[in-house]
Amino acid sequence: MSTLTEQIRSAGVVGAGGAGFPAYKKLEARVEIAIANGAECEPLFLKDMAVIRDQSEKIIKGLKLLQEETGAKRAIFGIKGKHKEEIELLRPLAEKAGVELHFMDDVYPAGDEYELVFSATDRLIPTGGIPLQIGVVVSNVESLVNIYNASQGIPVTKTMITVAGAVRTPKTFWAPVGMTIRDVLAYCGGTTTDDFAVIDGGAMMGKVETDLDKPITKTGSGYIVLPTDHRLIWKKSAPERTYKKIGKSACDQCSDCTEMCPRYLLGQPVKPHLVMRALQFSGPESDVLNKWALACCECNICSLYACPEELDPRNMCVSAKRELRPKEIKWTSDELRQVTKEEHPLHEYRKVPTNKLIQKLGLRRYADTPATFDPAEVEVLKVKIPLKQHIGVPANPLVKKGDQVVAGDKIGLVPSSELGADIHASITGTVTDVSRQFIVIEG
């Protein structure tokens, strides 16, 4: 393990784009192309643009570190062409560092790794695979900031989040890891309605979160607050029995869900309409049809945009994958070669414009009040820091109740032989509780 890799592991850097994969593992690979993912695509979210505005030099330096460590010949920065001000911030830095700027359309899901890599390199990630398999490494812009900070001995103690929707002051800001949703909403002036629900992770791929005392993690991206009678809340809260029953009775196999699926349009073996058809069968027949869900990325285009009857192919794909897993049913290598196709000839023309998506989701009124970046340092009196915020094993506590800690102190350690990420205090204060799941610190 190189010095930089050790620094990144010790600093607790993980993929800030959502998955939480320990960043040091990516740097152990040898690739041809390193890509910075700044193609933010979740409606209303502005966190990546805020990171670029606030930390553009660190992003480029982090990308160069990633390029040098992996031996990549090219470094590419993916960003939507509409972000003119951010591009002008990046352009001189990129030119000086030898980084190519690649402009994406303002569509969803432009920030998906498969979409970004294909757009920037013409290389297609294998079904169910990762960019490393085709000589590419991708890192979110916030992860690149954290990689650079790690090289300077600075651990991960905060994450950039967007809070949008029915709050008095929508904003994007650096939040201490372990800050609760309740405190986040208070920091944004509270909600504009008493009867509200919170979507954790974005309008398209996020989930309704009912526990306001749930803490932010390193992979947090933000929250959308909506009235409980909003269509999105109803849709995302529907139980499995309900969406299966409605789907079985109402799906007419129009196949719009498949024809608009981003993965299908890239030639991947995903056909949500066949997964919906599986509702009419049981046993082996159902399993055969459910295999068409295995490569689903759960982007939600099918359920929240494409289906004219507002059914839920996305959650049917989630259910299908869950049901196939214990049976160990998957495509064989020969089958994959047969069902994987070339890019669909209409791929470019079926991309979903962000503005149309916002309108379809019923979020236009909230888009008119953007969650602009607030650079102020957020002060909280209490944080609840999870010991597992990443793919791999949980960190082991290094502190006990009553210990005094300073922001940045390491409080959780993952054994060097295990996959994971170390944990650090996000505020200065006293440790008031330690369990197998959390460390609580009060300032």
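A few notes on this one:
- Anisotropy class of the stretch 3-151 from Cα gyration tensor, a/c 1.5 cut: rounded
- Cα shape, the stretch 192-253, gyration tensor, a/c 1.5 rule: prolate
- Within the chain, antiparallel bridges make up roughly 60 percent of the DSSP beta bridges whose residues both belong there.
- Arranged from fewest to most other beta-carbon atoms within 10 Å of their beta carbon, 104, 276 become 104, 276.
- Applying the criteria of a DSSP loop state and at most 13 other Cβ atoms within 10 Å to the trypsin sites (Lys or Arg not before Pro) of the stretch 75-184 yields 82, 168.
- Relative contact order %, the stretch 244-300, counting alpha carbon pairs below 8 Å whose residues are six or more apart: 32 percent
- The stretch 381-443: C-alpha pair distances exceeding 19 Å, %: 21 percent
- Across the stretch 239-351, C-alpha contacts under 8 Å between residues 6 or more apart give a mean separation that, scaled by the residue count, equals a relative contact order of 32 percent.
- Of every Cα-Cα pair in the stretch 138-202, the percent that sits beyond 15 Å: 58 percent
- Taking a sphere under 15 Å around the Cβ of residue 337 and counting the other residues whose Cβ falls inside, with K and R at +1 and D and E at -1, yields a net charge of 0.
- Relative contact order of the chain, pairs being alpha-carbon contacts under 8 Å that are 6 or more residues apart, as %: 17 percent
- Gyration tensor (alpha-carbon) shape descriptor, the stretch 292-344, a/c threshold 1.5: oblate
- When the Gaussian network model of the chain links Cα atoms closer than 10 Å, the mean-square fluctuations of 336, 63, 304 top out at 336.
- Charge sum, other residues only, whose C-beta stays under 11 Å from residue 355's C-beta, Lys/Arg counted +1 and Asp/Glu -1: +3
- Every Cα-Cα pair in the chain was counted, and those over 42 Å apart are 13% of them.
- Note on the stretch 229-243 and the stretch 260-330: Cα centroid distance 18 Å, given to the nearest whole angstrom.
- Sorted by Cβ neighbour density within 10 Å, fewest at the top, the residues 143, 221, 10: 10, 221, 143
Read the figures in this text as sums done on the coordinates, not as results from a lab. Model, not experiment: these values are computed from the prediction. For neighbour counting, all protein chains shown are included, and Cβ atoms are generated from backbone atoms with ideal geometry for every residue, glycine included.
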